[in-house]
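Structure, as structure tokens:
The values are calculated or read from the model by the stated rules, or taken from the named source; none is laboratory data. Fair warning: this is a prediction, and the values are worked out from it, not measured in the lab. FYI the Cβ positions are ideal-geometry reconstructions off the backbone, even for glycines, and counts take in every protein chain you see. Keep in mind that these areas ignore ligands, DNA and RNA; they rest on the heavy atoms of the full protein, side chains included. Shrake-Rupley method; radii C 1.70, N 1.55, O 1.52, S 1.80 Å.
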Amino acid sequence: MNMESWHLREWAQKYLRIRNTLLRECLAEFLGVFVLLFITTSAVAQGVTSSDTKGNFFCMYLAGAIAVVIAIYVSGGVSDAIHHYTKGNLTVYGPRETASIFSTYPAPYLSIRNGFLDQVMGTAMLMIGILAILDSKNKPVPKGLEPVVVGMLVFSIGLSMGVNCGYPINPSRDLGPRIFTYVAGWGADVFRAGNNWWWVPVVAPCVGGVLGSFIYQLLVEIHHPVEDAKNEEVVKDNIPEKWKEIPIFTVSMDNSLSHRL
């Protein structure tokens, strides 16, 4: 680093550095979500606008999973090709629809009820996997590799559950781009399509996230053994005094009952 670059960095840190912790976290999350959406939607756009000659569903799912990895590391676009592909006719329906590049839409056979269940289950699986990955008392992932494993988890969910509605499993993955398509020329059909599908990928992932957290806590985390005597003493100290006076019966070596307080 030369002297000029050093002075520029020093000036930036002095006048541009944000010291508020919450605001810094929000900026990092903003950039992370931007990276996630940019890579994911770009991969879908490449597949759609090339009529699957330069990408298919597998490439889209893989790109989405890799985008998750990069977005986590970062925080922890529309090209002219779309207009060429659609000849300027931005639609939600038909053989050359492009709204699905940005947001998810249900398959024709999928009802709102089944789609809601699909998203609840998908997000629950995601949350269970993330909690397991981060659980230091379970079988923890080597430090620094957590984003990679989360990306693999997202990829597996996409391959197994993506056919119904594209597995958004994240409100920010779907709602923001849908609003963008509404104002960018696709119109109100982006909210009406799929029998007013738009609210499902917003609400169902929230329900699934809570459900997945509850399942992991109930079936795994609360059953971890107490690690040290100090924790055991804390548990004992929380026992009411009257319970401590309850007689305890034990069996002696000669099979006779002995009583001790």
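Leaving out ligands and nucleic acids, note down the accessible area per residue over the range 123-225 with a 1.4 angstrom probe, in whole Å².
Values: 5230 Å² over 103 residues.
That works out to 51 Å² for each residue.
For a paramagnetic label modelled on Cys206 (point 7 Å from Cα along Cα→Cβ), amide N atoms under 20 Å away belong, within the range 167-186, to 167-180.
About its Cα centre, the dipole of the range 29-166 is roughly 140 debye, where the only charges are +1 on Lys and Arg Cβ and -1 on Asp and Glu Cβ. Assuming charge only on the beta carbon of Lys and Arg (+1) and of Asp and Glu (-1), the dipole of the range 143-234 about its Cα centre is about 600 debye to the nearest 20.
Ratio to report: Rg/Rh of the range 101-201, with Cα atoms as the point set and Rh obtained by the Kirkwood method; give two decimals.
Rounded to two decimals, Rg over Rh is 1.06.
Solvent-free Debye calculation, one equal scatterer per alpha-carbon of the range 81-136: log10 I(q)/I(0) at 0.12, 0.17, 0.27 Å⁻¹ equals -0.50, -0.72, -1.03. Could you tell me how far the Cα centroid of the range 16-58 sits from the Cα centroid of the range 116-190, in Å? Distance between centres, Cα-based: 13 Å.
With the full set of protein chains in place, find how many percent of the accessible area of the range 148-220 is carbon and sulfur; take the probe as 1.4 Å. That share works out to 73 percent.
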